[in-house]
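Let me begin by presenting the structure, written as structure tokens, before commenting on it.
Just so you know, all these numbers are worked out from the coordinates, no wet-lab data involved. All of these numbers come straight from a predicted model, not from anything done at the bench. Methodologically, a virtual Cβ is constructed for each residue, glycine included, from the backbone with ideal geometry; neighbour enumeration extends over all protein chains shown.
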Amino acid sequence: MDLKSALNNANFRFNKRYGQNFIRDEVLLDKIAAVADLKDTDEVLEIGVGAGTLTRALSKRAAYVYGYEIDKNLQPVLSMMLAGVDNAEVIFRDFMRENIADVEKLFKSEYVVVANLPYYITSPIVMKLIETAKKCKRIVVMVQKEVALRLCAAPATSDYGAITLAVDVTADASVVMDVDRSNFYPVPNVDSAVVKMDIVENKFPLISRKAFRDIVRCAFSSRRKTLVNNMMNVFKLSRADAEDLLNKTGIPVNVRGEALSTELFVKLSNLLVERKIVD
């Protein structure tokens, strides 16, 4: 059954609170499933199932699809859209309220995340996956285009920020597809893009993720200030101590945090731990 027919037959009413914009183009759906590089043995986690159009495309390539959907009013729509699909299961719960360890019990081994993420909660979902998932090997998500640019930004650009670094310290991320707003129903006010994040185990020799978060948060607490000034303010350091930390990691003392690479942030966070400035 096609999307509009299922929505009409179920008398479904869109809930603005959930940012519901469903992908309706079958060619696009197949392209998204394709860029996820799924094997027929792969299990998939989908977050924000919506009307099940992507679920259906994924089920043709994967061994099994577990999808989370917060809106129980979509149950009759999904019953029609997923009729005859025997390798997909929709869990009507709020993914953000779930313990990731409990979610991962669904999967036999490593899994792939593929999702058309609700725009209003994209960043929290990505951060939850990047920072807490243990068995996820790849994340492929449709997001608002401006968010995609932030996820994959280069240092010293306006899009570069805390979420860029959180992703890059864990994964290799790239924008793999631009998507025009006309591919959705209803049509949103923004264009989208598909971002692919391949998880890389031990990509950087990071001692403490908390320390890494702390120094990144410090660096971007006042983007226009130098890193030394931000470190003095956040960590209550003297200028001499702050400059010594940067000198030891090969960072110019007059640099702003937005100019630092992930590698330099890792080196600095590790030194902060070694000197017991942060945990």
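Out of 100, 27, 11, whose Cα points farthest toward the positive end of the dipole of the range 1-135 (charges: +1 Lys, Arg; -1 Asp, Glu; placed on Cβ)?
Projecting each Cα onto the dipole axis, the largest value belongs to 11.
Out of residues 5 or more away from residue 90 or on other chains, whose amide H comes under 5 Å of its own, with H placed 1.01 Å from N in the peptide plane?
Counting only residues 5 or more places away or on other chains, the set is 67.
Could you tell me what a quarter of the Cα convex hull surface of the range 118-177 works out to, in nm² with one decimal place?
Seen from a random direction, the Cα hull of the range 118-177 projects 4.1 nm² on average.
Taking 1 over the mean of 1/r across every pair of different Cα atoms in the chain, what Kirkwood radius in Å do you get?
After inverting the pairwise mean of 1/r, the radius is 20.2 Å.
Loop only by DSSP, 14 or fewer other Cβ within 10 Å of the Cβ. Give me the trypsin sites (Lys or Arg not before Pro) in the range 32-64 that pass, ordered by residue number.
For trypsin sites (Lys or Arg not before Pro) across the range 32-64 that sit outside H, G, I, E and B with at most 14 neighbouring Cβ atoms in 10 Å, the list reads 39, 60.
Throw me the Rg/Rh for the range 80-137, computed over C-alpha atoms with Kirkwood Rh, two decimals.
0.97
With θ set to phi - 60°, apply the Karplus curve 6.51 cos²θ - 1.76 cosθ + 1.60 along the range 8-17 and write out the HN-Hα couplings as whole Hz, x wherever there is a Gly or Pro.
5, 5, 8, 6, 6, 10, 5, 10, 4, 4
Give me the net charge for the shell around residue 230: Cβ to Cβ below 15 angstrom, other residues only, Lys and Arg +1, Asp and Glu -1.
Values: positive: 213, 217, 223, 224, 225, 236, 239, 256; negative: 214, 241, 243, 258.
Here the charged neighbours net out to +4.
In nm, to one decimal, how far is the modelled label at residue 191 from the one at residue 274, with both set 7 Å along Cα→Cβ?
Simple spin-label model gives 4.6 nm for this pair.
Find the all-direction average of the projected area of the Cα convex hull for the range 9-127, expressing the result in square nanometres with one decimal place.
The number I arrive at for the range 9-127 is 7.3 nm².
May I ask you to derive the relative contact order of the chain, considering only C-alpha pairs under 8 Å and at least 6 residues apart, and to give it as an integer percent?
Relative contact order comes out at 15 percent.
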